Amino acid sequence: MDDTEIMPRRAALVPRRTQPALPSRRPPVHRTWLRGLFVPAPVHSYLAPGEQCIVATRRHWLVPLWRLARGGVMMTALGALTFLLPGFLLVQLALLLGALAHSAWIGWCILAWRTDQIGVTDSRLIRVSGILTTSVDIVPLAEITDLSLRCTIGGRVLGYGALRIETAGQTRALERLDFLPSAVCRAMLTRALSAR
């Protein structure tokens, strides 16, 4: 007899031991004072009783990528100026401080993108934003009089668009939302039409 024929029989005769359930890889996020300082509460915490969230997300990933690309060009220019002016120590120090300040600004912009959340519920559009100070902007879908979606060619390829929202007689903070993922745009268009 061949060993390959014996192995399956032995495996069938030996009872399998059940493995204990592994703990989830990611423990639940606890809101500490430091996390509460830099990250606002999620959109789900602003829902009214009985209200359902259709989609909750942040703006498109192209927003921080665009800032990083601009920062890369700026850093390259500052590096080139540093090598072109090797003898001027004061100028090089100023360029170094400018590069550090620009890096801090890019980090701040990426953190602002991470904290900017947009949610569409069955009755409202909610935007939660802010790093040190949280601001919550809410537009009831029943008050929307005009809603327009603009998708460029790049937006159609990469899956984002810009919404322009007009409400009855007032200007709102959510008048124009750029770089929204297409899921939010679709949810807004279907919910706004069904809310009328």
- prompt: Taking every eigenvalue of the Cα gyration tensor of the stretch 54-195, multiplying by 5 and rooting it, what semi-axes result, largest first, whole Å?
  reply: 40, 16, 12
- line: Stretched fully, the stretch from T76 through I138 gains (0.36 nm per residue minus C-alpha distance, one decimal, in nm) 18.2 nm
task: Give me the number: length gained by fully extending T57 to A104, i.e. 0.36 nm times residue separation minus the C-alpha to C-alpha distance, one decimal in nm.
output: 14.4 nm
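A short reminder: the numbers here are calculations on the coordinates, not readings from a lab. Bear in mind that the values here come from a model prediction, so they are computed numbers and not experimental data.
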